[in-house]
Each structure stands twice: as C-alpha cells, then as structure tokens.
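The values are calculated or read from the model by the stated rules, or taken from the named source; none is laboratory data. Because the structure is predicted, anything quoted here is derived from the model rather than measured. A quick note on method: Cβ atoms are made from the backbone with ideal geometry, for glycine too, and the neighbour counts reach across all protein chains shown.
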Amino acid sequence: MARPALLLVLLLAAQAGMAQEAAAPREPIEPVKQNWFDDPFFQVAAGLPACAVPEGPFYTAEERRLQTHSRLERGTSCWLAGKCTDSNAYRYDKPLAPKVRAALRAVPGVDKGSVWVTVQRRWVYLQGCVPNAALASKLERAARALPDVEAVVPDLMVGTRGKPPYPVATR
C-alpha cells in the first residue's frame, strides 16, 4: 500500500510544480519588427553619439497588415491628383533616397549632428539631433529643394537631452 501512496504524492507534487510554472509571470515577447515595405532609411551623420536612434520604418506583422491598405490608397491618390506621373508615389522613394543623402551631406556642419532619414511616398522624414536650430533649418531647406520631394517632416531636436520628437528604436 505504501507504493500507491508514494506514487500519488509524486503525481500531486509534479502537478503542483507544473501549475506553479504556468502561473509564473513571463516576460512579454517583443514582436519582431522589420522594414516590410523596404522604405529607404539611412543615417547621414553620427556626430552626437548620445542621440536616440529613431525607430525608422520598422513594423510588426500586425502593423504591416494595418498599413497596407492606407499605403496603397496614399500612393495612388498622388497620381489621381495629378501630383505624380507614376501611379504609386512610393516608387519614387528608392531613386530619391541617394539624392536626399547627397543634398544633406553637402550641408555645412551636418557632421556635428546625428541625423537619420526615412523616405516614404516622396516625404522626407529628418530625425535625430543637431547642435543648433540653424543646422536643422538648413537640412530641412536642402531636402525641400529637391525635385520630387513633396514634403519634409523635420523631427530634429537640438542637443541630446529630453524626449525625442520621434519614436525611438527598441531593438
């Protein structure tokens, strides 16, 4: 009779251990983000190493699913409005990216900042840190001056202290 009792005790102990493991708090698994749409994203200067790195055009699979329809709509609306010769505004981005890089690299003092660029549907997003507001204005003007750039979003902060005006990378 001792043997079945011992077996019962071992079985109950094993069940208790499994229940305790199942109830233990687990760290949430961070969903993998990637550049699903292959949007140009690059750094043009790294002079302020303490600058927070922008998240860039990296999305989870769920975020990608949610963005797909609106990206199709926005890309086509440019053509329908007569603002694009191509039926998809996003197709301008890859050829435009090297021109944006060259224009920004030509701005005097750019090396004193840490600046990243995302190009999406002819919009240029400037993110990062600059040593002064004058440099931020020069970078914005340089990007706006390029043909095929529809808009420039200057999310640049002066210095490296404080909360950046852009989403920060977590990877």
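Tabulated results
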| read-out | value |
| --- | --- |
| Residues satisfying the stated conditions in region 133-171, i.e. closer than 30 Å to Thr85 by Cβ, in contact (Cβ under 8 Å) with a residue 24 or more places away in the chain and in a loop (DSSP other than H, G, I, E, B) | Ala145, Leu146, Asp148, Val149, Glu150 |
| Candidates Thr160, Thr170 - the one that is of a type in the set (Val, Ile, Thr) and at pLDDT below 95 | Thr170 |
| Condition check for Ala97: closer than 18 Å to Asn35 by Cα, surrounded by 13 or more Cβ atoms within 10 Å (Cβ to Cβ), out of contact with any strand residue (DSSP E or B) (no Cβ under 8 Å at 6 or more places or on another chain) and touching a residue at least 12 places away in the same chain (Cβ under 8 Å) | no |
| Single unsatisfied condition, Thr170 versus (1) out of contact with any Lys or Arg (no Cβ under 9 Å at 6 or more places or on another chain); (2) of a type in the set (Ser, Thr, Tyr); (3) surrounded by fewer than 21 Cβ atoms within 10 Å (Cβ to Cβ) | (1) |
| Selected residue (criterion: surrounded by the fewest Cβ atoms within 10 Å (Cβ to Cβ)) from residues of region 25-56 that are part of a strand (DSSP E or B) and polar (S, T, N, Q) | Gln34 |
| In region 57-94, residue farthest from the chain's Cα centre (by Cα) [restricted to those that are polar (S, T, N, Q) and loosely packed, with under 14 Cβ neighbours inside 10 Å] | Thr85 |
| Residue within region 119-132 that is loosely packed, with under 14 Cβ neighbours inside 10 Å and not aliphatic (A, V, I, L, M) present | yes |
| Residue among Pro165, Pro147 that is surrounded by fewer than 13 Cβ atoms within 10 Å (Cβ to Cβ) and over 28 Å from Lys33 (Cβ atoms) | Pro147 |
